[in-house]
Amino acid sequence: MKFELQKTDSQTKARAGKITTDHGEILTPIFMPVGTAGTVKGVHTKELLEEVEAQIILGNTYHLYLRPGLDILEKVGGLHKFNGWHKPILTDSGGYQVFSLKEIRKITEEGVYFNSHIDGSKHLFTPEYVMDIQRVIGADIIMAFDECPPYPCDHEYARKSMHLTHRWLERCVKRINETEPKYGHSQALFPIVQGSVYKDLRIQSAEFIASQNQLGNAIGGLSVGEPAEDMYEMLEIVNGILPESKPRYLMGVGTPENILEGIALGTDMFDCVMPTRNARNGMLFTTQGIINIRNKKWEDDFSPIDQELGGYVSTFYSKAYLKHLNKCQEMLAAQIASVHNLRFYLWLVGEARKHILAGDFAQWKPLAVKKLMQRL
């Protein structure tokens, strides 16, 4: 994997760049649709390519390990072959999923013992095994195994958790260095900065992660309930330490405003379930603002969902029709809304990139935030 930094905004820390993987190029800043169990919920691969214009999607190690399981994935030749997606894939390490199972897991130095949320079966994720699993899945970018501390947590818990993440990272790096990719394409390991909302810990963690000299770096443990101001403060501190020559990935964030603020603070890569999850609940992000399609005001609005956004789904279907589908709980409602919201998110980061390259990002961003976050 290679990263080329093409331009940095003169008034903010926003960056435009290009990541090159064996499965293709990714223009940054980028949003990555979340495909937890090998699918972006309700969205065909063809739609991801042609409607959403996604450049990279995510898979989840924990979920893919449990279903369909490593035997199936290895037999088919990895996730790219299994789901028919031929562009880059990133897998998260499953750490966040495992740690969210707090009633059915136990953290030790060795790794994490947990019970499957599906059938209760017992499993152990060690840093080494998580690297092996991600070799089998075959993603282009893979995440180190980390502990994601809850919010709020006290300084001592966050400190111990961070040092455990660092020790696990050294084991991840060792395992990756002594094993080979399985399917003929390279895999880049991204370590994850932790430290909760404590400035001293975030500085320590960012310095340690930078010292590992991997091909890219991730920032975890944010957008877990802390105030947005705290998230932005931590992000500014961490991005000031992580090397400029490598992509920076903020995990699990967020709203259009969060993403534009993250870009302004020097972040290159984002993912979040929000576009598809909110779509299933009737919330649409549009170029004019946010729509709750369940509201009565849309029932006789026969205009397209978002003419300005372009694409088949957003310009073919009307707001009134989508409201009708939603009210009838038709599956198509969630599909249309999911494709639309994902297209919007890819449009958003594409617009940010255009304005970074044009040199007017700092002037465009506050106007965009105000317009895009208003409720219609």
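Approximating the spin labels as points 7 Å out from Cα along Cα→Cβ, the Lys46-to-Lys75 distance works out to 2.7 nm.
Computed from label points 7 Å out along Cα-Cβ, the spacing between Tyr232 and Ser186 is 3.7 nm. Using every pair of separate Cα atoms, the Kirkwood estimate puts the hydrodynamic radius of segment 240-376 at 15.7 angstrom.
For segment 259-306, pairs of C-alpha atoms spaced more than 16 angstrom apart make up 54 percent of the total. Under the simplified labelling scheme, the Asn292-Gln307 pair shows an inter-label distance of 2.7 nm, with each label point 7 Å from Cα along Cα→Cβ. Per residue, the accessible area of the chain comes to 42 Å² when a 1.4 Å probe rolls over the protein heavy atoms.
Counting 0.36 nm for each residue step from Glu156 to Leu332 and taking away their Cα separation leaves a gain of 58.5 nm. Net charge dipole, the chain: roughly 580 debye, given to the nearest 20, about the Cα centre with Cβ charges of +1 for Lys and Arg and -1 for Asp and Glu. Measuring r between the beta carbons of Glu299 and Arg277 and using R0 = 25 Å, the FRET efficiency lands at 0.55. Membrane-span-like helices in the chain, defined purely by DSSP H runs whose alpha carbon atoms cover 27 Å or more axially and whose average Kyte-Doolittle hydropathy reaches 0.5, are 331-358. Measuring between their Cα centroids, segment 326-376 and segment 1-52 lie 15 Å from each other.
Ordered from longest to shortest, the equivalent ellipsoid semi-axes for segment 97-244 are 24, 21, 13 Å, each the square root of 5 times a Cα gyration tensor eigenvalue. Estimated translational diffusion coefficient (Stokes-Einstein, Kirkwood radius over Cα pairs, 37 °C, 0.692 mPa s) of segment 306-350: 305 µm² per second. Once the Cα-Cα distance is subtracted from the 0.36 nm per residue extended length, the Arg375 to Asp22 segment shows a gain of 123.0 nm. A simple charge model with +1 on the Cβ of Lys and Arg, -1 on the Cβ of Asp and Glu and nothing else charged puts the dipole of segment 69-173 at about 140 debye relative to its Cα centre.
Kirkwood analysis of segment 23-103, using all unique Cα-Cα pairs, places the hydrodynamic radius at 13.4 Å. Only helical runs count toward this figure. For the chain, summing -39,500 (n - 2.57) over DSSP H runs of n ≥ 4 and dividing by all residues gives -12500 deg cm²/dmol at 222 nm. Of the solvent-accessible surface of the chain, computed with a 1.4 Å probe over protein heavy atoms with every protein chain present, carbon and sulfur atoms account for 51 percent.
Applying D = kT/(6 pi eta Rh) to segment 47-158, where Rh is the Kirkwood radius over alpha-carbon pairs, T corresponds to 4 °C and eta to 1.567 mPa s, the Stokes-Einstein value obtained is 86 µm²/s. Residues within the reach of a label modelled at Ser116 (point 7 angstrom out along Cα to beta-carbon, backbone nitrogen below 19 Å), restricted to segment 4-45, are 36-39. Over all orientations, the chain has a Cα convex hull whose mean projected area works out to 17.9 square nanometres. For segment 1-48, the number of Lys pairs separated by eight or more positions or lying on different chains, with C-alpha atoms closer than 24 Å, is 4. Taking each residue as 0.36 nm, the span from His86 to Asp200 lengthens on full extension beyond its C-alpha to C-alpha distance by 36.9 nm. Averaging Cα coordinates gives a centre for segment 189-209 and one for segment 103-151; these two points are 20 Å apart. A Förster radius of 30 Å combined with the Cβ-Cβ distance from Arg167 to Lys13 puts the calculated FRET efficiency at roughly 0.45.
Relative contact order of segment 1-158, taken over Cα pairs closer than 8 Å and 6 or more residues apart, is 19 percent.
The values are calculated or read from the model by the stated rules, or taken from the named source; none is laboratory data. Model, not experiment: these values are computed from the prediction. Note: ideal-geometry Cβ built from the backbone for every residue, glycine included; neighbour counts use all protein chains shown. The accessibility values were calculated without ligands, DNA or RNA, using every heavy atom of the protein model including side chains. Shrake-Rupley method; radii C 1.70, N 1.55, O 1.52, S 1.80 Å.
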